[in-house]
Every structure is written in C-alpha cells, then in structure tokens.
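Following: one structure in structure tokens, then a few remarks.
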Amino acid sequence: MFSRSIWGLLSTASLALAVAIPFKRATVCNGHAELCDRSYGNVTFVAAHDSFAFSEDPLALARDQEVDIATQLSLGVRMLQAQSHVNDGVLHFCHTSCALFDGGSVEDYLKTVKTFLDANPNEVVSLLFTNPEGQSPANVWKPIFDSAGISDLAFVPPSLPMSQSSWPTLGEMIDSGKRVVVFMDAGADGSDSVDFIMPEFQMMWEPPFSETDPTFPCKVDRTSGPLQPAEQMYMINHNLNVNIVPLFGAEVLVSDPLAAPTTNGADSILANANGCAPLAGNRAPNFLLLDFVNIGDAFKVADQLNGFA
Ligand SMILES: *[C@@H]1O[C@H](CO)[C@@H](O)[C@H](O)[C@H]1NC(C)=O
C-alpha cells in the first residue's frame with residue numbers, strides 16, 4: 001500500500017512537472033513570427049549562387065560572390081548553392097574545375113554552416129549542391145554530412161516527391177530540430193540514395209541558367225516531374241553573365257559584377273519573379289538565386305514577396 005502511494009505520488013509529481021514545463025515552441029522563425037506558421041513551400045528565400053566562390057579580388061573572374069559564407073548567412077541568405085568536384089581524392093566545392101577556383105573541402109564548408117546553425121537555432125537553412133561527377137550520396141556525401149554534424153539536423157521527407165503545398169511549416173521544422181533542407185541536382189535518386197538528400201528537380205523547377213539577357217525571359221527549363229510545374233516549388237536563376245569572348249576567343253561566360261547593382265536591384269528581381277509567376281499558379285519564387293548577394297535589394301525583395309514590406 002505504502003509503496004503504491006509513493007508511486008502514485010511520483011507519477012503525479014512527474015505529470016505536474018510535464019505540465020509545468022511545456023514544450024517550448026519557436027515564436028520567431030527565420031526572423032519573422034509570421035513564418036512560424038507558414039509552410040516551407042510558401043516562403044521566398046534568398047539563395048547564394050556558387051556560395052563558396054567568393055573573393056574580394058575583382059580580377060578573380062571565376063568568383064560569383066564577394067563575401068564569405070558566414071557573411072552571406074548573416075546578411076540573410078537561407079539557401080546556399082555550391083558545385084562539387086573531387087580534388088586529390090577529397091570532395092571540394094569548385095567552380096567548373098578546381099584549377100580555376102577551389103573553395104575548399106565540402107566538410108570544411110559544412111562545418112561553417114554548422115557553426116551558424118548552432119548559433120541560430122530558429123533558422124531553417126537549405127543547401128543546394130550540384131553533383132556533376134556523380135559522387136555516391138550514400139558512400140561519399142553522407143559521411144561528410146555526418147562528420148560535419150549536419151545529418152541529424154537534416155529534414156527527411158515523408159515521401160517523394162514533396163509537392164509545393166505539402167511541406168511542414170518553418171515552426172514545425174525548427175521545433176523538430178530538422179531544419180536543414182538538402183537538395184542535389186543529380187544522382188540523388190539512385191539505389192545509393194540517402195533519405196535526407198532530395199532529388200532537386202522532383203521538388204522544384206528552374207528557368208534557364210547562365211542567362212545573358214538582362215530581361216530574364218522565363219520558361220520552365222529544368223524539372224524532372226512527375227509533378228506539374230505549378231505543383232512544384234521554383235527557383236529563379238537571377239544571375240547575369242557576360243561572354244568574355246574577346247579575351248579568350250571562345251564562349252566564356254562569367255558573372256558580371258558591374259551589372260550587379262542593376263541585376264540585384266528590386267526592379268530586375270521583381271520583373272523576373274513576375275515573369276515566372278504565371279508558370280507557377282501565380283506564386284512568388286521560392287528561391288531567388290543571386291550572384292554578389294551583398295549587392296542590391298534581394299533581402300528587401302524577399303521580405304516584400306513574403307508580405308512583410
Ligand atoms: C505564398 O502564398 C501566398 C498566398 O497564396 C502567395 O501570394 C505567395 O506568392 C506564395 N509564396 C510562395 C513562395 O509560394
């Protein structure tokens with residue numbers, strides 16, 4: 001009898017404790033209270049194109065950014081795009097080739113991202129990595145995510161493909177601790193796939209890339225279906241290239257830093273978004289992929305498209 005009442009007392013006490021310390025929900029998500037209740041698929045994020053290819057040197061033609069990853073994140077970039085290549089047996093992020101621009105190892109890069117995530121527990125961050133050499137998600141990529149401490153934070157889709165309307169809210173993602181969203185352009189849907197590395201083009205479409213027309217005419221260029229474009233998220237490739245033929249005698253496209261203030265200005269980004277919206281059920285783009293993210297109005301435009309400005 002006595003021991004029973006002790007147990008009763010204990011369980012009442014622990015119940016009281018559970019009630020007294022309710023689960024703490026995020027009240028601000030990616031900087032805005034409103035975003036906690038908004039589905040990931042209904043948010044516009046600023047994305048950094050070739051995020052690793054940063055340099056302050058204006059003569060570094062292969063750079064696409066001026067400021068480093070930590071600075072991009074602190075400015076408000078919430079999708080980091082990067083292109084992988086093996087250098088000396090180690091997976092690096094490089095621009096076209098590691099001889100041209102080597103941004104260091106993927107592991108070091110992810111550790112930088114992890115530092116930001118640890119310091120900013122109410123932020124959802126997306127990673128969009130290209131895999132032109134077809135490195136195995138399970139055998140090459142996952143061990144790197146593991147050693148950088150990112151795997152446990154990665155969102156695992158309940159099923160594929162995820163339609164634009166089926167994503168959890170940012171609040172749910174933050175509360176569950178699964179607040180890193182990983183997309184890969186190629187090789188993520190084979191037999192060596194990894195549950196948190198999602199095949200990009202099942203979930204989103206893109207207009208043409210390496211655009212040289214400053215009016216950014218929009219059309220659906222890359223998608224893998226089976227969802228219709230209007231059922232997918234989409235990313236605008238809002239980065240302008242110039243052809244430096246006179247220098248090399250062949251078509252060589254490089255990003256155009258001189259045009260960045262105009263390209264990254266509100267008028268140009270909004271015109272691109274408006275041009276694409278009819279292809280997406282009149283929704284705003286999910287991702288604004290930009291060169292030189294520190295220049296121009298991208299963050300203001302994202303706020304506006306999210307309804308905050
Ligand atoms: C989110 O939904 C609102 C209301 O339907 C829409 O105006 C906006 O364009 C959507 N944004 C995205 C990125 O889906």
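Given the DSSP H assignment, sum -39500 (n - 2.57) over each helix run of at least 4 residues in the chain and divide by its residue total; what's the result at 222 nm in deg cm²/dmol, nearest 500? Can you show the working numbers first?
Numbers: 10 runs with 85 residues, N = 309.
Dividing the helical sum by the residues of the chain leaves -7500 deg cm²/dmol.
Expressed as an acute angle from 0 to 90° and rounded to the nearest 10, what is the orientation of the C-alpha long axis of helix 106-119 relative to the principal long axis of the chain?
For helix 106-119, the angle is close to 50 degrees.
Count the DSSP beta bridges whose two residues both fall in the chain, then state the antiparallel fraction as a percent rounded to the nearest 5. Could you put the intermediate results ahead of the total?
Numbers: 12 of 39 bridges.
Among the beta bridges of the chain, antiparallel pairing accounts for roughly 30 percent.
Quick check: from the Cα gyration tensor, does region 141-200 come out rounded (a/c under 1.5), prolate or oblate? Intermediate values should be presented prior to the final figure.
On the way: a/c = 2.48, a/b = 1.15, b/c = 2.15.
Because a/c hits 1.5 or more and a/b fails to exceed b/c, region 141-200 counts as oblate.
Kindly express, to the nearest 10 degrees and within the range 0 to 90, the angle between helix 266-276's C-alpha long axis and the longest C-alpha principal axis of the chain.
Result, in degrees: 80.
Let a ≥ b ≥ c be the square roots of the eigenvalues of the Cα gyration tensor of region 25-305; is it rounded (a/c under 1.5), or, if not, prolate (a/b larger than b/c) or oblate? Please list the in-between numbers first.
On the way: a/c = 1.39, a/b = 1.13, b/c = 1.23.
The shape class here is rounded.
Quick check: the angle from helix 2-20's long axis to the longest principal axis of the chain, C-alpha only, nearest 10 degrees?
Here the helix axis deviates by roughly 30 degrees.
By count of other Cβ within 10 Å, fewest leading, how are ILE197, ILE295 ordered?
Least crowded to most crowded, the residues run ILE295, ILE197.
In percent, what relative contact order does the chain have, based on Cα pairs under 8 Å that are 6 or more apart in sequence?
Numbers: 602 pairs, mean separation 58.7, N = 309.
The normalised contact order for the chain reaches 19 percent.
What's the tally of Lys pairs in region 25-305 whose alpha-carbon atoms lie under 30 angstrom apart, where the two lysines are 8 or more places apart or on different chains?
Lysine pair count for region 25-305: 9.
With a ≥ b ≥ c the root eigenvalues of the C-alpha gyration tensor of region 193-309, is it rounded (a/c under 1.5), prolate (a/b larger than b/c) or oblate? Present the calculation step by step, with values, prior to reporting the outcome.
On the way: a/c = 1.89, a/b = 1.27, b/c = 1.49.
Taking the square roots of the gyration eigenvalues as a ≥ b ≥ c, region 193-309 is oblate.
All of the numbers you see were taken from the coordinates with simple rules; none came from a lab. The structure displayed is predicted, hence computed values, not measured ones. Reconstructed Cβ throughout: ideal geometry from the backbone, glycine too, with neighbour counts over all protein chains shown.
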